[in-house]
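Novice: Dropping a structure here in C-alpha cells format, bear with me for questions.
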Amino acid sequence: MDGKKIEELKQFVEHCKQNPSTLHTQPLAFFKNFLQSFGAQIPPLEKYGKDGEDNQNEKQFESKKPNLSRDDEIDGEIVESDVELDNSDVVTPDNDPPQKMGDHSTEVTEENQEAAQVSKSKAMEAISEGKLDEAIDYLTEAIILNPKSAILYANRASIFVKLKKPNAAIRDAGAALKINPDSARGYKARGMARAMLGLWEEAARDLHVASTLDFDEEIGVMLKKVEPNAKKIEEHRRKYLRLRKEKEQRKIELERKRHQRKNQDAEAASLLKDGEVIGIHSASELKTKLNAASKTSRLSIIYFTATWCGPCRYVSPVYTSLAGKYPKVVFLKADIDDARDAAAEYNVSSVPCFFFMKNGKEIDKVVGADKNLLEKTIAQHAG
C-alpha cells in the first residue's frame, strides 16, 4: 500500500474516533463487523446533543441502523427481525478530516464582523452560481472571523447537506445549535444530514423542531420521507420491548414458582424423618405424610401392624433397620386398632402388610413377614 493510501486510512481512522456513529451506517457495516471479529468494542450509537458532539447520555435503539442487517438474539430466545426501511436516499458517510471551526474564545471586533459579512455575501453569490465548494471556502473564512455566529455555521451545514457530506453538516449544525439553541436552520440541516445517514428517528425529531421554529416546504417534503421509517422503527422497538417485558414477567413467575416449590419441599421435608419410622394414628395423618412424600418425589411404605400379631413383632425390628438403611424412603407404621380409618381405607385384611406408594399411587404390596422379600421390594423401588 502506498504512502498516500496509508495517510488516507489514518485520516479515516481518526475520523471514526471523533465520530463513532459513522461505523453504525449501512455502507460501513462490513468494516464494523471486521473490527468486531477481532474483539473490538464499537461504541453504541448515541444521541447528538445541541453541541453536535457524540458524547451524550441517551443511547440510541440498535434498530436505527439504516437496514438493521443483523438479527439481534436476546438471551437465546427472542430474535429481532429486520425492519423494512426505505434506504434509497442513504449515502456513504463522508470521511473527510473535520472542517475548520472557529475559536469561540476569540473576541470578535466590529471589523471582523464586517469582514465576515463580506465573506458570507460572497458565499451566497457562489451558491447562486452553483459553486458550492467555493461557497464553503467563503463561509469558512467568515466563521474564522466571527466564530460566534450561529447562522454562519448553519449556512455552511446546509451547503454540506447539498454536497452530501452529512457528517460535516452535523458538526456545523451542532456548533450552530450550541450558539443558538433555537436555530431552525441548524435543526433543519442536522435533520436532513441524519436522514442521509439513515438515522431516521433522530432526523424526524430535528425536522419536527425545525418545522415548529420556522416551517418551510422543504422540511415538509423531508418529513414525508423520514417519518414512515421512523414510525416503523418505533413500532419495531415497542414490539420487542413488549416481548422482552413478557419474557421478564415469565422469568419472574417461574422464579416465584421455583421459590414456592422450594418452600413447599422444605415444609414437606420437615414433616418427614429421614432414617426413622413415623407412627401414623389416623387416615388424615397418613394423607398428610403421603402428600409430603409426593411433593419430594419419595417412595413411601405404609406398614400396617397390630400389637397382638406375632409375625409383626418379628418383622418390626427389621422394618426399623431398613428405615436406617434407606433414609430417603418414607417409612410409615400404623396399628390397625389405633388407626382404624386408615386400615379401612386400604382394606387391610391381614397383618403384617406393606403398601408401597409413589406420587400418591400404590405401586406394589407385600403381605406377610418375609423380610427378604420386603427388602428386595424396597431396593427395587427405592432407586
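Novice: What is the number of the single condition among (1) of a type in the set (A, V, I, L, M, F, W, C); (2) more than 27 Å from Asp89 (Cβ to Cβ); (3) touching a helix residue (DSSP H, G or I) at 6+ places or on another chain (Cβ under 7 Å) that Ile144 does not meet?
Specialist: (3)
Novice: Considering the range 118-163 alone, what residues qualify as being free of Cβ contacts under 8 Å to residues at least 40 places away in the same chain, surrounded by 18 or more Cβ atoms within 10 Å (Cβ to Cβ) and among the β-branched types (Val, Ile, Thr)?
Specialist: Selection gives Ile127, Ile136, Ile159, Val161.
Here's the yes/no breakdown for (1) loosely packed, with under 15 Cβ neighbours inside 10 Å; (2) touching a residue at least 12 places away in the same chain (Cβ under 8 Å); (3) not in a helix (DSSP H, G or I):
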{"residue": "His259", "(1), (2), (3)": "yes, no, no"}
{"residue": "Ser297", "(1), (2), (3)": "yes, yes, yes"}
{"residue": "Ser300", "(1), (2), (3)": "no, yes, yes"}
{"residue": "Cys312", "(1), (2), (3)": "no, yes, no"}
{"residue": "Pro317", "(1), (2), (3)": "yes, no, no"}
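Novice: How about the range 134-175: which of its residues are in contact with an Asp or Glu (Cβ under 6 Å, 6 or more places away or on another chain) and part of a loop (DSSP other than H, G, I, E, B)?
Specialist: Across the range 134-175, the qualifying residues are Pro147, Lys165.
Novice: Could you say which residue among Ala293, Ala230, Ala269 is part of a helix (DSSP H, G or I), open to solvent by less than 20 Å² (accessible area, probe 1.4 Å) and free of Cβ contacts under 8 Å to residues at least 40 places away in the same chain?
Specialist: None of the other options fit; the residue is Ala230.
Novice: If you don't mind, there's one more thing I want to ask. Tell me which residues, restricted to the range 233-255, are open to solvent by less than 50 Å² (accessible area, probe 1.4 Å) and over 17 Å from Asp82 (Cβ atoms).
Specialist: Correct list: Lys247 only.
Novice: To continue, here is another question. Can we say Phe354 is in contact with a Ser or Thr (Cβ under 8 Å, 6 or more places away or on another chain), open to solvent by less than 50 Å² (accessible area, probe 1.4 Å) and in a strand (DSSP E or B)?
Specialist: For Phe354, the condition - in contact with a Ser or Thr (Cβ under 8 Å, 6 or more places away or on another chain), open to solvent by less than 50 Å² (accessible area, probe 1.4 Å) and in a strand (DSSP E or B) - is met.
Novice: Shifting gears a bit: Does the range 85-117 hold any residues that are in a helix (DSSP H, G or I) and either at pLDDT below 90 or surrounded by 14 or more Cβ atoms within 10 Å (Cβ to Cβ) (or both), and which are they?
Specialist: Asn112, Gln113, Ala115, Ala116, Gln117
Novice: I've got another one for you. List pairs: first in the range 234-246 and assigned to a helix (DSSP H, G or I), second loosely packed, with under 15 Cβ neighbours inside 10 Å, Cβ under 7 Å, 6+ apart or cross-chain?
Specialist: As it stands, the answer is Tyr240/Ile78; Leu243/Ile78; Arg244/Ile74; Arg244/Ile78, since those pairs meet every condition given.
Novice: Does the range 208-217 include one or more residues that are outside any helix (DSSP H, G or I), in contact with a helix residue (DSSP H, G or I) (Cβ under 9 Å, 6 or more places away or on another chain) and open to solvent by 10 Å² or more (accessible area, probe 1.4 Å)?
Specialist: yes
Novice: Which of the residues spanning the range 333-342 are surrounded by 23 or more Cβ atoms within 10 Å (Cβ to Cβ) and under 22 Å from Thr377 (Cα atoms)?
Specialist: Of everything in the range 333-342, just one residue is surrounded by 23 or more Cβ atoms within 10 Å (Cβ to Cβ) and under 22 Å from Thr377 (Cα atoms), namely Ala334.
The values are calculated or read from the model by the stated rules, or taken from the named source; none is laboratory data. Note that the structure is a prediction, hence the values are computed from the model and not measured. Glycine gets a Cβ as well: all are built from the backbone with ideal geometry, and neighbour counts include every protein chain shown. Note: areas computed on protein heavy atoms with side chains; ligands, DNA, RNA excluded. Shrake-Rupley method; radii C 1.70, N 1.55, O 1.52, S 1.80 Å.
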